[in-house]
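Heads up, the thing below is written out as structure tokens.
The values are calculated or read from the model by the stated rules, or taken from the named source; none is laboratory data. Here the structure is a predicted model, which means the values were calculated and not measured. Cβ coordinates were reconstructed from backbone atoms using ideal geometry, including for glycine residues, and neighbour counts include every protein chain displayed. For the accessible areas, the whole protein counts, side chains as well, though only heavy atoms, and no ligand, DNA or RNA atoms are used. Shrake-Rupley method; radii C 1.70, N 1.55, O 1.52, S 1.80 Å.
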Amino acid sequence: MSLLSENIIPGNHGKIFGTDAMEKTDLIEIKTSLLTLEGINEVILNTETFPREFTIYTDQIVSLSDIEYKVKSVGFHAIPKETFEL
């Protein structure tokens with residue numbers, strides 16, 4: 001495991017997650033919950049894909065496990081997509 005595979009690092013690339021939430025209200029609830037975590041400054045929802053996706057942008061290092069736990073507390077799952085290519 002590495003810094004990039006276990007965390008979201010600050011930058012303009014963000015990190016994409018898949019989720020089992022389907023309804024727009026559920027996605028908004030996930031977004032609201034994630035924005036309470038320190039370091040997360042933006043969550044972009046993508047309702048055009050299946051499964052639904054959201055992208056998280058941070059201004060400091062945020063652990064993927066913190067994000068997964070926060071989404072689980074709302075009743076859904078968050079599965080990180082592959083790390084960006086350099």
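Compute the distribution of all C-alpha to C-alpha distances in the chain, in bins of 10 Å from 0, and list the percent of pairs in each, rounded to whole numbers.
Percent of Cα pairs in each bin: 18, 57, 23, 1.
For the chain, what is the charge dipole size about the Cα centre, in debye to the nearest 20, if Lys and Arg each add +1 at the Cβ and Asp and Glu each add -1 at the Cβ?
The calculation lands at about 80 debye.
Could you give the length gained by full extension between residue 79 and residue 60, i.e. 0.36 nm per residue of separation minus their alpha carbon distance, to one decimal place?
Gain in length upon complete extension: 4.8 nm.
Using Cα atoms only, what is the angle between the long axis of helix 64-74 and the major principal axis of the chain, expressed in degrees (0 to 90) to the nearest 10?
10
For the chain, which GluC sites (Glu not before Pro) are both in a DSSP coil and crowded by at most 12 other Cβ atoms within 10 Å?
23, 38, 48, 82, 85
Given a 1.4 Å probe, how much area per residue of the chain is accessible, in Å²?
Accessible surface, normalised per residue, equals 62 Å².
Please list, in order, the residues from region 45-73 whose amide nitrogen is less than 20 Å from a point placed 7 Å along the Cα→Cβ vector of residue 12.
Of the residues in region 45-73, 45, 55-61 have backbone N under 20 Å from the label point off residue 12.
For residue 72, give me every one of the lysines with a C-alpha distance below 16 angstrom, ignoring sequence neighbours fewer than eight places off in its own chain.
Output for residue 72: 31.
Could you work out the helix-only [θ] at 222 nm for the chain, with each DSSP H run of four or more residues adding -39,500 (n - 2.57) and the total divided by the number of residues, to the nearest 500 deg cm²/dmol?
Mean residue ellipticity at 222 nm (helix-derived): -8500 deg cm²/dmol.
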